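Right, one structure below, let's go through it.
The values are calculated or read from the model by the stated rules, or taken from the named source; none is laboratory data. These numbers come from a predicted model, not from an experiment. Here the Cβ positions follow ideal geometry from the backbone for every residue, glycine too, while neighbour counts run over all protein chains shown.
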Amino acid sequence: MSQLSLFDQPAIARTSDPITSHVAAESVLPKLSGRRAEFVACLQRIGHPATAQEIAAMADVRVRESVRKRAKECVRLGYVVEVGTKTCDVTGQTASVYWVSK
């Protein structure tokens, strides 16, 4: 298995989708890549495993929700791994905890 870079992108639009979907997908790709990179960078700044909400709290307030939503994508793409659960310092709820893949 080869190591993924933060800029590897899965297809967002299916080949059967209309051209308008492909145009929309192209406009979103750079932003998604940026938010994935930001998720990983925030996690690295924290320096220890953290919940998606705790990680997003390190991001600019205008993009926190978008950064938080990248957690599962980053796991699926191999950038981070789920390492357990804990009570989130932000929400007080039990949540998955993430750490950077080696």
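Key figures
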| item | result |
| --- | --- |
| Residues that are touching a Ser or Thr at 6+ places or on another chain (Cβ under 7 Å) and among the hydroxyl-bearing types (Ser, Thr, Tyr), drawn from segment 45-102 | THR51, TYR79, THR85, THR87, THR94, SER96 |
| Pick from segment 75-84, criterion in a strand (DSSP E or B) and surrounded by 12 or more Cβ atoms within 10 Å (Cβ to Cβ), ranking: farthest from the chain's Cα centre (by Cα) | VAL83 |
| Top-ranked residue in segment 5-56 [being of a type in the set (Val, Ile, Thr) and modelled with pLDDT under 75; ranked as surrounded by the most Cβ atoms within 10 Å (Cβ to Cβ)] | ILE12 |
| Segment 59-74 - residue that is part of a loop (DSSP other than H, G, I, E, B) and within 13 Å of the chain's Cα centre (by Cα) and, of those, surrounded by the fewest Cβ atoms within 10 Å (Cβ to Cβ) | LYS69 |
